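Structure record follows, encoded as C-alpha cells.
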Amino acid sequence: MKRFTVAVAGATGAVGTQMIKCLEERRFPVKDIRLLASERSRGRTLNFEHVQIPVQVMDENSFDGVDIAIFSAGGGTSLKFSPIAAKAGAVVVDNSSAWRMDPEVPLVVPEVNPDAVAGYKQKGIIANPNCSTIQMVVALWPIHKAVRIKRIVVSTYQAVSGTGKKAVDELDEQVRAMVNHIPIKNKVYPYQIAFNCLPHIDSFLENGYTKEEMKMLNETRKIFGDNSVGVTATTVRVPVFYGHSESVNIETEKKISVKEVRELLANAPGVKLVDDPSANRYPLALDAAGQDDTLVGRIREDESIPNGINLWIVADNIRKGAATNAVQIAEVLAEKYL
Ligand code: A2P
C-alpha cells in the first residue's frame with residue numbers, strides 16, 4: 001500500500017490534536033508525519049503511534065516533500081500558508097472558513113459529495129465544512145436525495161469546544177467559580193457561558209444573522225450542489241463541552257412519512273438512529289462525544305404543513321464536525337487520487 005508524508009498544521013490545538021488521534025485510529029497510511037504549530041509551541045513534543053514527535057514552527061519551508069497537509073490553525077494562517085503548501089506539492093485539507101466558498105475549492109463531506117474531491121486539482125486545496133453544517137448534511141442528504149428538501153429551519157445548541165481550548169477552560173473555570181461563590185470572569189465570550197445560552201456564534205452581519213448562521217445556508221447549498229434549498233438558522237452557544245445538538249425542521253417537495261425517514265437513516269452512512277421515545281432514547285451530546293456517528297432521533301411529522309419533518313441531530317463537533325471529516329477527505333484523496 002502506498003504511504004504518505006502528512007503534515008498537521010495547528011497540531012497543538014483542540015482540533016489538531018484530535019486530527020493526530022484520527023490518523024492513528026483510522027490507520028491512515030502515514031509514511032512520515034510533520035507536526036506544525038506557532039512559535040508558542042517551540043520545544044514541545046506530541047505523541048504519534050507511541051513515538052514522541054517534536055513540534056516544528058510552521059514556516060515557508062515546512063511543506064517540502066509533504067503529500068497531504070491537514071490544516072486547523074485558523075483562517076488567517078490558512079490564507080497565508082495553504083497556497084505555500086499547495087505550491088510545494090501538497091494537497092491541503094483546510095478546516096478553517098477561509099477557502100470554503102471559493103468556487104475553485106471543493107467543500108466536501110464524504111458521505112454526501114466524495115466525488116467533489118477531484119476539484120482539488122484547481123488550487124490544491126479542499127475545504128472542510130463548518131461543524132454544524134457537516135452533521136446536518138450527513139443526516140439530511142439521504143432525505144434530500146429521496147424527496148428533495150425545499151427549506152430547512154435549524155436552531156443549534158453548540159458546545160464551547162468549537163471555539164477552541166480557551167473556551168473549554170473558560171466554561172470549566174466559570175462552573176467552578178459559580179459553585180464556590182467566586183465572581184465570574186469572561187474573556188472568550190462576551191457574556192458568562194456557564195448556566196447560560198448565547199445566541200451569538202461568530203460575528204454579526206448587516207442582515208442581522210451571524211456568520212455561523214450564514215455558513216449553514218451557503219455551505220449546505222454548495223455541498224448539496226443545489227442553490228434552491230432554503231436554510232434559515234439560529235446558532236446558539238450552550239454550556240456543553242463536546243457535542244453540537246440541532247433542532248431541524250424540513251419541508252420536502254414530495255411527502256415522506258416518519259417511517260420512511262427512519263428506514264432511510266437506518267441505512268445511511270455515518271448516521272446512527274437513536275429514536276425510541278417509549279424508552280427515553282434520543283440523541284444526547286454526552287453520547288455523541290468521543291465517537292464519529294451523527295446521531296438522529298425525535299423524528300416527527302410537522303403537522304403544521306403538508307410535507308414537514310422534525311429531527312434532532314447530534315454529533316461530536318471536534319470529531320465528525322472537524323477532525324474526522326478532514327481525515328476522511330484525506331482517505332478519499334489517498335485511495336482515489338494520489
Ligand atoms: P500554538 O499552540 O503554537 O499557538 P485552537 O483552535 O485550539 O486555538 O488551536 C489553534 C492551532 O493553530 C494551534 O495549534 C496553534 O499553535 C496553531 N496556530 C495558530 N496560529 C499559528 C501560526 N501563525 N502558525 C502556526 N500555527 C498557528
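The values are calculated or read from the model by the stated rules, or taken from the named source; none is laboratory data. As the structure is a computational prediction, the values presented were derived from the model and not from experiment. Because the Cβ atoms are built from the backbone with ideal geometry, glycine has one as well, and the counts that use them run over all protein chains shown.
Taken together, the residues in the range 193-207 that are more than 28 Å from VAL229 (Cα to Cα) and either in a helix (DSSP H, G or I) or of a type in the set (Phe, Trp, Tyr) (or both) amount to 1. Just one of (1) within 16 Å of the ligand (Cβ to nearest atom); (2) in contact (Cβ under 8 Å) with a residue 24 or more places away in the chain; (3) more than 15 Å from LEU35 (Cα to Cα) fails for VAL117. It is (1). Scanning the range 18-39 for residues that are surrounded by fewer than 20 Cβ atoms within 10 Å (Cβ to Cβ) and either within 16 Å of the chain's Cα centre (by Cα) or within 16 Å of the ligand (Cβ to nearest atom) (or both) returns LYS21, SER38, GLU39. When the range 194-209 is filtered for residues that are crowded, with 18+ Cβ neighbours inside 10 Å and among the aliphatic types (A, V, I, L, M), the ones remaining, listed by number, are ALA194, ILE201. Checking each residue in the range 138-166 for being farther than 16 Å from GLU212 by Cβ, out of contact with any Leu (no Cβ under 6 Å at 6 or more places or on another chain) and not hydrophobic (A, V, I, L, M, F, W, C) picks out HIS144, LYS145, ARG148, LYS150, ARG151, LYS165, LYS166. Being of a type in the set (D, E, K, R) and either in contact with a Cys (Cβ under 8 Å, 6 or more places away or on another chain) or crowded, with 23+ Cβ neighbours inside 10 Å (or both) holds for only one residue in GLU212, GLU111, and it is GLU212. Residues in the range 308-338 that are touching a residue at least 60 places away in the same chain (Cβ under 8 Å), over 13 Å from the mean Cα position of the chain (by Cα) and outside any helix (DSSP H, G or I): ILE309, ASN310, LEU311, TRP312, ILE313, LEU338.
In the range 157-168, the count of residues that are loosely packed, with under 15 Cβ neighbours inside 10 Å, on the phi > 0 side of the Ramachandran plot and under 20 Å from the mean Cα position of the chain (by Cα) is zero.
Just so you know, in the range 63-95 the residues that are polar (S, T, N, Q) and in contact with a helix residue (DSSP H, G or I) (Cβ under 7 Å, 6 or more places away or on another chain) include one that is farthest from GLY10 (Cα to Cα), and it is ASN95.
Applying the selection to the range 140-192, what residues are assigned to a loop (DSSP other than H, G, I, E, B) and within 16 Å of the ligand (Cβ to nearest atom)? If the condition is that a residue be assigned to a loop (DSSP other than H, G, I, E, B) and within 16 Å of the ligand (Cβ to nearest atom), then ALA159, GLY164, LYS187, VAL188, TYR189 are the ones that fit. Here GLU253 fulfils each of the conditions (1) in contact with a helix residue (DSSP H, G or I) (Cβ under 8 Å, 6 or more places away or on another chain); (2) within 22 Å of THR156 (Cα to Cα) apart from (2).
All of (1) within 16 Å of the ligand (Cβ to nearest atom); (2) free of Cβ contacts under 8 Å to residues at least 24 places away in the same chain hold for PRO106 with one exception: (1).
Scanning for something touching a residue at least 60 places away in the same chain (Cβ under 8 Å), more than 12 Å from the ligand (Cβ to nearest atom) and buried (at least 24 other Cβ atoms within 10 Å of the Cβ), does the range 71-84 turn up at least one residue? No, the range 71-84 contains no residue that is touching a residue at least 60 places away in the same chain (Cβ under 8 Å), more than 12 Å from the ligand (Cβ to nearest atom) and buried (at least 24 other Cβ atoms within 10 Å of the Cβ).
Against the definition (within 16 Å of the ligand (Cβ to nearest atom), assigned to a helix (DSSP H, G or I) and touching a residue at least 12 places away in the same chain (Cβ under 8 Å)), how does SER96 come out, yes or no? No; evaluated as a whole, the condition is false for this residue.
Yes or no, residue by residue, for (1) at pLDDT below 95; (2) not aromatic (Phe, Trp, Tyr):
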residue	(1), (2)
TYR120	no, no
SER132	no, yes
LYS165	yes, yes
LEU198	no, yes
